[in-house]
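One structure below.
The values are calculated or read from the model by the stated rules, or taken from the named source; none is laboratory data. Because the structure is a prediction, the values reported are computed rather than measured. With ideal geometry, Cβ positions are generated from the backbone for all residues, glycine too; neighbour counts draw on all protein chains shown. Only protein heavy atoms, including side chains, enter the accessible area calculation; ligands, DNA and RNA are left aside. Shrake-Rupley method; radii C 1.70, N 1.55, O 1.52, S 1.80 Å.
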Amino acid sequence: MARDSFTIGILGGNGMLGGAMARGLLASGIVAPDDLWICSRRGSRGGLPLDVNATRDLSVLAGACDVILLSVPPASADALRLDAPDRLVISVMAGVTLDRLEAIAGGPRVVRAMCSPAAVKRLAYAPWVAGSGVALRDKTTITRIFEALGKTDELKDEAQLDLFTALTGPVPGF
């Protein structure tokens with residue numbers, strides 16, 4: 001991902017949070033519609049522009065995207081498996097640890113973050129913590145993505161993200 005542009009896939013991109021993030025990313029211009037993929041049970045775009053890609057198949061999403069954003073209810077994590085060991089995987093599933101994310105992604109390039117539906121207006125605050133396999137160039141990409149949705153900070157301790165989640169409460173809709 002050394003280039004300036006990248007493809008982003010959002011699992012749960014039709015949900016409240018995933019949809020808000022998709023709309024915020026498009027509004028910011030950080031991703032072009034044809035570089036955005038939405039993966040959902042229905043395989044629909046959820047009202048996004050027609051040139052946004054849509055699929056029901058998680059393996060298609062993993063194969064097509066540089067960055068995969070997981071935005072599904074945390075209860076879905078146990079059944080979720082990606083074959084994406086070389087992809088950057090960012091999760092906004094509350095309470096799903098970096099260790100669990102590595103098992104889900106099949107590799108160590110994982111990020112645990114929080115965000116909010118305010119992302120649609122690019123007013124979200126998104127703290128995040130990186131897994132052991134996240135390189136400096138990945139951190140630059142993560143920062144660009146979350147700055148496109150509002151404000152962001154990298155945390156050094158995963159426990160700080162749990163505290164943030166406890167203080168702010170669950171994301172509406174989850």
Alpha-carbon radius of gyration plus Dmax, which is the widest Cα pair, for the range 46-94 in Å: 11.7, 32
MRE, 222 nm, helices only [DSSP H, n ≥ 4, -39500 (n - 2.57), over the chain, to nearest 500]: -8500 deg cm²/dmol
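Dividing the alpha-carbon Rg of the range 82-174 by 2.2 N^0.38 Å yields what? Working shown, then result.
Details: Rg = 12.6 Å, N = 93, 2.2 N^0.38 = 12.3 Å.
Its radius of gyration relative to the 2.2 N^0.38 Å reference: 1.02.
How many Å² of accessible area per residue for the chain, probe 1.4 Å?
On the way: 7880 Å² over 174 residues.
On a per-residue basis, 45 Å².
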Antiparallel bridges, percent of DSSP beta bridges restricted to the range 1-141 (to nearest 5): 15
Label-point separation, residue 121 to residue 136 (7 Å along Cα→Cβ), nm: 3.8
Long-range HN-HN contacts of residue 38 with modeled amide H, under 5 Å: 10, 53, 54, 55
Apportionment of accessible area to carbon and sulfur, the chain, percent (1.4 Å): 53
Value of D in µm² per second that Stokes-Einstein yields for the chain, Kirkwood Rh from Cα pairs, at 4 °C (1.567 mPa s): 83
